[in-house]
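Accompanying notes for the structure given below.
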């Protein structure tokens, strides 16, 4: 019983019963004898109503002789007389009855109290008669009886009541059945959603619900399917990331374990050279763990940022100076295109410098000897636009969407030792988004270079800030060696 379609069906049934009950009660009250009498007298007294016609008749003839045809025509229109046991009465000013409904025993006169409730008929300011609908009782206390019209068949009223009752019952049954069908139809999408949530709970992330029903239910189903797609993608990414992390950690750990075992077995001598090789592996492990922690904090919006308005041109110039020696060693030209006017944005100087270092290190890694790297800045449409362009390897169109994925390398031939672990661009994207900005990459194709573009909201100039080191605890050479695609 505790199901939505059952509750909806019961609600429909209750609505039907209440509606029919209300209609029946209202009809009985409205069609009650007193209400019908009041309604008839109201229409009699309206302009051009029966009272006006009777006044005109009396004024023209001077008496009530011959008025019966007029009243009989009105009497035949009062169909409710047969059911309401009401008698149309015309009396003179003294209360003597002049006309009654055909078939009724004519009473002798109207009492004074009845005359007060009747409609007066006046001609030239003088009351010449009274008109009323009365319920006459015989001495036994029963209502005054009269014969119904000849054209009404016997038992007509009873058959009419039975027919109306049958119609009401049939309508109630049809309404309840229809309500049950509608309830099942309305609750069907919810049942599909329940099945979907149970499938997701069983880790069947491929389950999708049919988008049907009302617009609201289709929106809910569509949202559920989008959630399932996102969960499936997240699960795939999580599985891949765990595999990548395990792979990246396994290599240095294997080297450490093997070299330490070799030292213990006296295969390698206990020399500083061997210790230095082991130390390099621990540095890589430390760097990998730090990068993963930084990436997780940035993506969860839990990375503490000390954002202050600053001139990005100054920061970009400092970063370019730090990477100039690395570019010179590789015979790569590092050019800058900085505006004369300051371009202010609210950034965490250290974290945003790390972003630029990752992008420049990536460009330097993928640009061959004799190539060009350009670092530019401009104010555009209310944003600070930063572009890092290179003339290097470029990116194939099918690879563009995965450039910022963790542990992803465009060049599959690059290894951890020659191309980094593949976290640099993922960290750059997370840090840019943490600054309420956006980053994207474009490339004309393989061998045609690429451009990484950052858009940050502009900010008003702030108070002068003390210089802050931008190396973030490591020199540019080490960052360039580790934070690349």
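The values are calculated or read from the model by the stated rules, or taken from the named source; none is laboratory data. The shown structure was predicted, so the numbers you read here are calculated from the model rather than taken from an experiment. All Cβ positions, even for glycine, are placed from backbone atoms using ideal geometry, and neighbour counts span all protein chains on display.
Is region 306-313 home to any residue that is part of a helix (DSSP H, G or I) and surrounded by 17 or more Cβ atoms within 10 Å (Cβ to Cβ)? The answer is yes; a qualifying residue exists. For residue 212, the criteria (1) exposed (fewer than 15 other Cβ atoms within 10 Å of the Cβ); (2) modelled with pLDDT of 80 or more; (3) not in a helix (DSSP H, G or I) hold in every case but one, which is (2).
Out of all the residues in region 77-97, which are crowded, with 20+ Cβ neighbours inside 10 Å and modelled with pLDDT of 80 or more? 88, 89, 90, 91, listed by residue number.
Exactly one residue out of 177, 173, 128, 220 is more than 41 Å from the chain's Cα centre (by Cα), at pLDDT 75 or above and outside any loop (DSSP other than H, G, I, E, B): that is 128. Report yes if some residue within region 316-334 is in the same structural domain as residue 382 (by TED's automatic domain parsing), surrounded by fewer than 17 Cβ atoms within 10 Å (Cβ to Cβ) and part of a strand (DSSP E or B); otherwise report no. The answer is yes, given that some residue of region 316-334 is in the same structural domain as residue 382 (by TED's automatic domain parsing), surrounded by fewer than 17 Cβ atoms within 10 Å (Cβ to Cβ) and part of a strand (DSSP E or B). Check region 344-353 and report whether any residue there is in a strand (DSSP E or B), in the same structural domain as residue 424 (by TED's automatic domain parsing) and closer than 26 Å to residue 290 by Cα. Yes, region 344-353 contains a residue that is in a strand (DSSP E or B), in the same structural domain as residue 424 (by TED's automatic domain parsing) and closer than 26 Å to residue 290 by Cα. Taking region 227-248 as the range and being more than 21 Å from residue 402 (Cβ to Cβ) and surrounded by fewer than 16 Cβ atoms within 10 Å (Cβ to Cβ) as the test, only 227 passes. Scanning region 98-113 for residues that are part of a strand (DSSP E or B) and either modelled with pLDDT of 80 or more or not assigned by TED's automatic domain parsing to the domain that holds residue 75 (or both) turns up 98, 99, 109.
Screening residue 270 against (1) surrounded by 12 or more Cβ atoms within 10 Å (Cβ to Cβ); (2) touching a helix residue (DSSP H, G or I) at 6+ places or on another chain (Cβ under 8 Å) leaves a single unmet condition, (1).
For the condition assigned to a helix (DSSP H, G or I), exposed (fewer than 15 other Cβ atoms within 10 Å of the Cβ) and either in contact with a helix residue (DSSP H, G or I) (Cβ under 6 Å, 6 or more places away or on another chain) or at pLDDT 70 or above (or both), residue 9 does not qualify.
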